[in-house]
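First the structure, in the form of structure tokens, and then the observations on it.
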Amino acid sequence: MSEHRLRAVEDQIAQRIERERTEREWSYEKLAEQMRERAGYTIHPSAIHRVERGSPRRRIVVDEFVAYVRVFQGSVLEWLMDGDERERMQFDRYLRDGSQLHELVEVKRRELADAELQLHDAINEATKRLAAMSDDARADAVDEASELDEDFGEHWTAFRNAVVEHDQK
């Protein structure tokens, strides 16, 4: 890597550090504290200032760079990319994530369709069982089922109502 390209990458990293720090509204002291607590890297706040604002900038060593990446939660690769490369990487990540989410939605739709079929079968089976009872036993079963509404909640009530309505047809 040429000296010019190396300086450009260092400038990019310094700008990123400053942006990440200011977005979080952290002082240099707060970032130094986070570097120590989250990444186990001890650095003086004035050293961070010289990385961001020094003329010339203070150079960053590899373990310090890795500590910044840890504190600000990213990847080393992403931090070394220029803006277009980083945007492309994030775009690709969103495409992959979107594809996985689309697949998950399709799986859940199939599961929902299966559950709806099972519910329909359960309503039909419960209705058959209810119809097989004598009128008095049927009335008692419906009354007892109604008493369970509070215990089992709205889904039970909806199911019970569907069975009773289906039985009355």
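Observations, loosely collected:
- Meets criteria (touching a helix residue (DSSP H, G or I) at 6+ places or on another chain (Cβ under 6 Å) and in the same structural domain as Ala162 (by TED's automatic domain parsing)) for Ile43: no
- Ile60 being in a helix (DSSP H, G or I) and β-branched (Val, Ile, Thr): no
- Among the residues of region 74-92, none qualifies, meaning not one is over 30 Å from Val62 (Cβ atoms), hydrophobic (A, V, I, L, M, F, W, C) and part of a helix (DSSP H, G or I).
- Condition check for Arg70: at pLDDT 85 or above and more than 30 Å from Arg5 (Cα to Cα): no
- Test: residue in region 20-29 that is among the small types (Gly, Ala, Ser), in contact with a helix residue (DSSP H, G or I) (Cβ under 8 Å, 6 or more places away or on another chain), over 30 Å from His155 (Cβ atoms) and not assigned by TED's automatic domain parsing to the domain that holds Phe159: yes
- Of all the residues in region 108-141, those that are among the acidic types (Asp, Glu) and within 19 Å of Asn161 (Cβ to Cβ) number 4.
- Region 37-67, residues that are more than 21 Å from Leu6 (Cβ to Cβ) and surrounded by fewer than 14 Cβ atoms within 10 Å (Cβ to Cβ): Glu37, Arg38, Gly40, Thr42, His44, Ser46
- One residue stands out among those in region 20-36 that are under 29 Å from the mean Cα position of the chain (by Cα), farther than 12 Å from Tyr68 by Cα and among the charged types (D, E, K, R): the one that is surrounded by the fewest Cβ atoms within 10 Å (Cβ to Cβ), which is Glu25.
- Selected residue [part of a helix (DSSP H, G or I), over 15 Å from Gly74 (Cβ atoms) and among the acidic types (Asp, Glu)] from Glu52, Glu25: Glu52
Yes/no per residue for (1) within 23 Å of Arg86 (Cβ to Cβ); (2) out of contact with any Phe, Trp or Tyr (no Cβ under 9 Å at 6 or more places or on another chain); (3) touching a residue at least 12 places away in the same chain (Cβ under 8 Å):
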residue	(1), (2), (3)
Thr22	yes, yes, no
Glu37	no, yes, no
Arg57	yes, yes, yes
Val61	yes, yes, no
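- Verdict on Glu25 being in contact with a Pro (Cβ under 8 Å, 6 or more places away or on another chain), more than 26 Å from Arg5 (Cβ to Cβ) and of a type in the set (D, E, K, R): no
- Matching helices (runs of 4 or more DSSP H) fully within region 107-169 where at least 2 residues are of a type in the set (A, V, I, L, M, F, W, C) and either surrounded by 10 or more Cβ atoms within 10 Å (Cβ to Cβ) or in contact with a Gly (Cβ under 8 Å, 6 or more places away or on another chain) (or both): 135-147, 154-168
The values are calculated or read from the model by the stated rules, or taken from the named source; none is laboratory data. Worth saying up front: this structure is predicted, and the values here are computed from it rather than measured. Please note: Cβ atoms are built from the backbone with ideal geometry, for glycine as well, and neighbour counts cover all protein chains shown.
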